[in-house]
1. Say we look at the range 309-325 and pick out the residues that are modelled with pLDDT of 95 or more and in a loop (DSSP other than H, G, I, E, B); which of these is least open to solvent (accessible area, probe 1.4 Å)?
2. So which residues in the range 74-88 are surrounded by 14 or more Cβ atoms within 10 Å (Cβ to Cβ) and free of Cβ contacts under 8 Å to residues at least 24 places away in the same chain, if there are any at all?
3. Can you name every residue in the range 282-294 that is in contact (Cβ under 8 Å) with a residue 40 or more places away in the chain and surrounded by fewer than 21 Cβ atoms within 10 Å (Cβ to Cβ)?
4. Would you say L57 is in contact with a Leu (Cβ under 6 Å, 6 or more places away or on another chain), of a type in the set (A, V, I, L, M, F, W, C) and surrounded by 22 or more Cβ atoms within 10 Å (Cβ to Cβ)?
5. Determine whether A135 is over 30 Å from S216 (Cβ atoms), without any contact (Cβ under 8 Å) to a residue 60 or more places away in the chain, open to solvent by less than 20 Å² (accessible area, probe 1.4 Å) and not aromatic (F, W, Y).
6. Out of all the residues in the range 204-221, which are under 13 Å from I160 (Cβ atoms), small (G, A, S) and touching a Leu at 6+ places or on another chain (Cβ under 7 Å)?
7. Kindly indicate the residue of the range 113-125 that is part of a loop (DSSP other than H, G, I, E, B) and of a type in the set (F, W, Y) and also nearest to the chain's Cα centre (by Cα) among those meeting that condition.
8. Could you list, ordered by first residue, the pairs with Cβ atoms under 7 Å in which the first is in the range 30-57 and in contact (Cβ under 8 Å) with a residue 60 or more places away in the chain and of a type in the set (A, V, I, L, M) and the second is part of a helix (DSSP H, G or I) and surrounded by fewer than 17 Cβ atoms within 10 Å (Cβ to Cβ), at least 6 apart or interchain?
Amino acid sequence: MTDSAKTGVLLMSYGTPKSQEDIEAFYTDVRRGRPPSREQLDELVQRYQLIGGTSPLTKKTYQQIEAISSRLDSLSPGKYLVVYGTKHSSPKIEEAVQELADAKVSSLIGMVFAPHYSRFSIGEYLERAQKVAAASEIKCRFIKSFALDGKLLDFLTDQIRSELNKHINQIVLLRKSRTFGDSLSSPDKIMILITAHSLPRHLVTNGDPYIDELNSTAAAIAKKLGLGSESEFVELSLLKDKLVEKGDSEPERERFDLLEDIEISWQIAWQSAGKTDQEWLGPDILTVIKDLSEREITDVIICPAGFMADHLEVLYDIDIDGQKLAKNLGVALSRTESVNDNLMVMNSLAEKIHELAADFDSN
């Protein structure tokens with residue numbers, strides 16, 4: 001099959017500095033050409049140093065691309081030419097589309113590694129790709145959202161279920177360590193925070209679907225776990241059938257019946273807001289952790305559902321900044337694992353691309 005007969009696949013992500021020396025240029029690009037102050041740059045450099053010097057995002061994204069490419073090739077050998085472009089680092093979106101243009105492809109399917117669509121965020125990626133593609137008469141179709149992808153929801157639900165069981169087991173151990181006659185001051189409560197990257201509030205008004213997109217993911221996860229509406233606490237004993245894991249022994253299953261006063265709930269929260277004078281979507285995860293602590297809710301699970309791979313917003317904002325606050329407040333905070341290159345999810349995304357390409361071909 002010649003390249004001109006292939007379908008281009010443009011996979012996109014936010015990007016990240018490849019080295020410490022690239023941080024200033026990256027930050028300047030994020031700030032739309034405005035160089036950061038020395039204080040701003042030093043703070044960002046320190047954050048990268050605290051997570052190991054650079055973000056693993058590029059490595060994780062290439063692993064995702066490899067998994068998707070492999071599945072596409074198994075679905076239709078030789079049909080797809082897969083390229084990668086970023087919003088703020090290298091290769092840029094424009095470079096990636098030009099690579100497809102140079103290969104003489106006539107059509108492309110585009111997708112950003114982010115499940116929730118906003119005209120401001122994902123929309124900008126697509127506009128940039130469309131502009132370069134149009135100059136070479138490449139027809140484009142995009143997967144704008146996969147907020148309700150079944151395999152993604154399964155992965156996130158399984159991750160939350162695993163973290164819930166860890167918290168429940170810790171509560172059991174804590175209770176066993178108490179001396180006979182000790183009483184609990186209040187029922188134990190566990191809060192699940194389902195999060196995505198905050199955006200300036202004025203950018204997601206007037207019908208932008210971003211907030212609804214995250215709400216739809218969160219509500220679907222809550223339903224799969226057997227939970228109620230947002231902020232509604234449900235007794236653990238009512239969730240046993242949803243929370244037991246494969247392979248649990250009968251005594252492990254019975255522990256749910258012994259913890260009738262534990263209640264579980266969920267809510268939406270936002271994170272990683274920029275430091276600007278604008279109002280950003282909230283509540284922020286740090287604000288929520290403080291509020292929960294004041295309400296004596298000291299077991300918290302964060303599921304960063306808006307992020308598809310480990311990077312600064314997960315490894316620093318949650319694992320370092322969030323954990324520091326939680327420890328100071330006596331809150332037991334844990335985080336679900338990121339999707340990264342989970343084969344179940346990557347195959348599902350590849351199949352979405354393949355289906356859209358087939359529809360493209362039929363028209």
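The values are calculated or read from the model by the stated rules, or taken from the named source; none is laboratory data. Here the structure is a predicted model, which means the values were calculated and not measured. Don't worry about glycine lacking a Cβ; one is built from the backbone with ideal geometry, like all the others, and counts go over all protein chains shown. Ligands, DNA and RNA are stripped out before the accessible areas are found, and what is left, the full protein with its side chains, is counted by its heavy atoms. Shrake-Rupley method; radii C 1.70, N 1.55, O 1.52, S 1.80 Å.
1. Here the answer is A309.
2. none
3. Applying the first criterion (in contact (Cβ under 8 Å) with a residue 40 or more places away in the chain) to the range 282-294 yields 282, 284-285, 288-289, 292.
Residues satisfying the conditions are G282, D284.
4. no
5. no
6. Answer for the range 204-221, where residues must be under 13 Å from I160 (Cβ atoms), small (G, A, S) and touching a Leu at 6+ places or on another chain (Cβ under 7 Å): just A220.
7. Restricting attention to the range 113-125, the residues satisfying the condition of being part of a loop (DSSP other than H, G, I, E, B) are 113-121.
This time we only want the ones that are of a type in the set (F, W, Y), so: 113, 117, 120.
Numbers: F113: 9, Y117: 12, F120: 17 Å.
Among those residues, the one meeting the criterion is F113.
8. L50/I320
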